[in-house]
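Read the structure below first, then the notes.
The values are calculated or read from the model by the stated rules, or taken from the named source; none is laboratory data. Source: prediction; values computed, not measured. Cβ atoms come from the backbone with ideal geometry, glycine included; neighbour counts cover every protein chain shown.
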């Protein structure tokens, strides 16, 4: 067989899938290399010395064996092509399984190892497929790559079906809640709401918010009706005229209609805000008394803190006095007994003039008014 024919046969094997592209390239190089050496030998034969008797015998033997192997390999490939042809016919239902088995037996009897191995493997695979089909398992035996590709296709299919189901359910839920959400936002224009606030108002109005909860992915439910409402508002709110704003500081999404001027404060938020305000005020009073170091009435505490609510200051001072956090005189002057004063048996006397001077400084700083200063001065002078 010439090297041209060998190359053609090699290309056919690659097309039939008998050898890989890498094997094809390797063997192609070998054939081309062999052909170039043969040409060189022919051109240089005249210059070479005549080979010896033993060398010629060994060369002839080697050539004969090479020719035999090449012939066998070529014939095996022909048989393999024949088997593939019968397989295609069986797949296309042009011949029966019995006919395929008969052809397989004939080709195996020819004694070609490669063809025999391929036939046995294919027949075993077809046998398993028939058994799986008989037991109700449709499909085919797959390679690892085919399995991965099939899994990818299946996951994409499931994902698409799940998205369609979720979108359908989301649309149904939005239709269920849309009018009530718009009513809340339209009646509070320019006020932004958290999804939690809207849920609280809906529940106060008797709406069962658990109906908004839906399974989003592979049967896993969303954690709360508030989260589901946020998803609905993000998906459908804009089309219904509802604006949204992300607050990076609090990491919250707010929803509103019109201009976003102020945030809606729910009852719980209002309560928390009030508790925080009172707590801060209770911390400010003892701090002020420690800084001043004197006994002052609630009105002076209110003036120093610029709170402008003497009644609340009196109430908080009394609470703190009964809790033991501040001290009080019989005439309702409040003070904090520092550690230094506790250790000293006789308190340091403060002159009336020094007291009047302190209040004068407060008046100059605008902390107390002239009228308040005059009242304090008269009290200190005993007038």
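Quick notes on this one:
- When the stretch 287-298 is filtered for residues that are touching a strand residue (DSSP E or B) at 6+ places or on another chain (Cβ under 8 Å) and modelled with pLDDT of 90 or more, the ones remaining, listed by number, are 289, 295, 296, 297, 298.
- In the stretch 86-115, residue farthest from residue 18 (Cα to Cα) [restricted to those that are modelled with pLDDT under 80 and touching a helix residue (DSSP H, G or I) at 6+ places or on another chain (Cβ under 8 Å)]: 110
- Check on residue 342, over 30 Å from residue 274 (Cα atoms), assigned by TED's automatic domain parsing to the domain that holds residue 274 and modelled with pLDDT under 80: yes
- In the stretch 258-286, the residue that is farthest from residue 327 (Cα to Cα) out of those that are surrounded by 12 or more Cβ atoms within 10 Å (Cβ to Cβ) and modelled with pLDDT of 85 or more is 278.
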